[in-house]
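Just so it is clear, none of the values below were taken in a lab; they were calculated from the coordinates. Since we're looking at a predicted model, the values are computed, not measured. Here the Cβ positions follow ideal geometry from the backbone for every residue, glycine too, while neighbour counts run over all protein chains shown.
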Amino acid sequence: MAAQIDPEKCTMCGGISRPLCVEACPDSAIRLQDDRVVVTEFLCEDCNECGCVCPDKAISVPLAKVTF
């Protein structure tokens with residue numbers, strides 16, 4: 001299971017043009033699509049880099065899947 005983004009919590013890092021999670025993802029699995037953050041599951045390697053930088057705590061990766 002890939003990183004999960006809670007759209008209710010995500011504020012796009014306060015409205016910046018490129019959210020921190022997009023920048024932090026080493027696999028380019030996170031991108032902006034239609035003004036929201038989207039995870040491409042087959043690219044996500046469950047490293048939780050995105051979750052670590054999310055100021056809104058809107059990203060979660062099941063602990064059993066975290067690879068670091």
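So which cysteines of the chain have no other cysteine's Cβ under 4.7 Å from theirs?
Flagged as lacking a Cys partner: Cys10, Cys13, Cys25, Cys44, Cys47, Cys52, Cys54.
Compare the peptides 45-52, 28-35, 1-8, 16-23 by average per-residue count of other Cβ atoms within 10 angstrom and give them in order, highest first.
45-52, 16-23, 1-8, 28-35
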